[in-house]
1. For the range 31-50, name all the residues that are of a type in the set (S, T, N, Q) and modelled with pLDDT of 85 or more.
2. Would you say ARG67 is over 23 Å from ILE22 (Cβ atoms) and surrounded by 10 or more Cβ atoms within 10 Å (Cβ to Cβ)?
3. Kindly establish whether SER104 is closer than 26 Å to THR3 by Cα and either of a type outside the set (A, V, I, L, M, F, W, C) or modelled with pLDDT under 80 (or both).
4. Name the single residue that is surrounded by the fewest Cβ atoms within 10 Å (Cβ to Cβ) among those in the range 41-54 being over 10 Å from PHE9 (Cβ atoms) and under 13 Å from the mean Cα position of the chain (by Cα).
5. So which residues in the range 8-25 are at pLDDT 70 or above and in contact with a Gly (Cβ under 8 Å, 6 or more places away or on another chain), if there are any at all?
6. Go through (1) modelled with pLDDT of 90 or more; (2) closer than 26 Å to GLN5 by Cα and name the single condition ALA86 misses.
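The values are calculated or read from the model by the stated rules, or taken from the named source; none is laboratory data. No experiment lies behind these values; they were computed from the predicted model shown. Here the Cβ is made from the backbone with ideal geometry for all residues, glycine too, and neighbour counts use every protein chain on show.
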Amino acid sequence: MSTAQIILFGLTGGLIPCPAAITVLLLCLQLKQLSLGVALVACFSIGLAVTMVSVGVIASLSVSGIRKRWSGFDALARRAPYASAALMLLVAAYMAVSGWIGMSGGYPFG
C-alpha cells in the first residue's frame, strides 16, 4: 500500500460517523446545541482518522521490516485468509450449537 492509500483509508473511515456519534449529534439537536453536536462529532471523526492513519502506517512499516528479515512471511501472508476463514467457521459452528442448546434446553443431538 502506498502512503496516499493509507491516508485516504484513514480519512474516509474518519468521515463516516459511527452510531454513537450520530446518537451524540441527535442528543445535542434535542438540547438545541447543534454547534456542540457538530463539534463533538467532528472531533471524534478527526481522532478516528488520525488513529486509523497511524495504525496503517505502523502496519505498513512493520510488514516491510518483517519481509526483510523473514523470507517465509509472504507464504504465511498468502495462507492467512484460509486460516481466518477456518477460524470464522469454527466460531460460527460454536455459536450455532450454543444457540441450538439454548433454544432446545439440551444437547442438539440427544
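1. To start, the set of residues in the range 31-50 that are of a type in the set (S, T, N, Q) comprises 33, 35, 45.
Across the range 31-50, the qualifying residues are GLN33, SER35.
2. Details: over 23 Å from ILE22 (Cβ atoms): yes; surrounded by 10 or more Cβ atoms within 10 Å (Cβ to Cβ): yes.
Answer is yes for this residue.
3. When the stated conditions are applied, SER104 does not pass them.
4. THR51
5. Passing the criteria: PHE9, VAL24, LEU25.
6. Evaluating ALA86 over (1) modelled with pLDDT of 90 or more; (2) closer than 26 Å to GLN5 by Cα leaves (2) as the failure.
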